[in-house]
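In what follows, a single structure is set out as structure tokens and then discussed.
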């Protein structure tokens, strides 16, 4: 009975989030429609504490005890969104000029989801709040996995014929 009530609470919570602000929808419509490359991180499939570190060797993303080198801050911010959710495989836009915008939109969607979660679980015991957050993260992670990371490398068109035969 308690489990059923909890699942109803998750569905009510996801109904309160605008579909345009739902992180998997943004990923599907604004990232996966672009030319992308797949990225995989060896991280646990759970809510993680992901931090961006500025080291002498460059920018790194730290998830737990693991560190992942990132080419720039925008890519690190983008990867942090997925690392927080415990997504092991996801797509990164191949065009580096679009990564920053995608990172902004995904981070904003995550923050809005967190605010709605806080408002939805206000007054509930801490354990219920953690369970609800965990179920929400699982549902987001499942939707992102369903969308998929795409190809390992983007497809390039080889139509460079310059003269007619």
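Brief remarks on what is shown
- The residue 95 and residue 138 beta-carbon pair, evaluated with R₀ = 45 Å, returns a calculated FRET efficiency of approximately 0.90.
- With q set to 0.19 Å⁻¹, the log10 of I(q)/I(0) for region 38-113, from the Debye formula over equal scatterers at the Cα positions, is -0.75.
- Here is the size of region 2-147 from its Cα atoms: Rg then Dmax, 15.7, 51 Å.
Every number here is computed from the coordinates shown, using simple stated rules; none is lab data. Note that this is a predicted model, so its numbers are computed, not measured. Note that each Cβ is placed from the backbone with ideal geometry, even for glycine, and that neighbours are counted across all protein chains shown.
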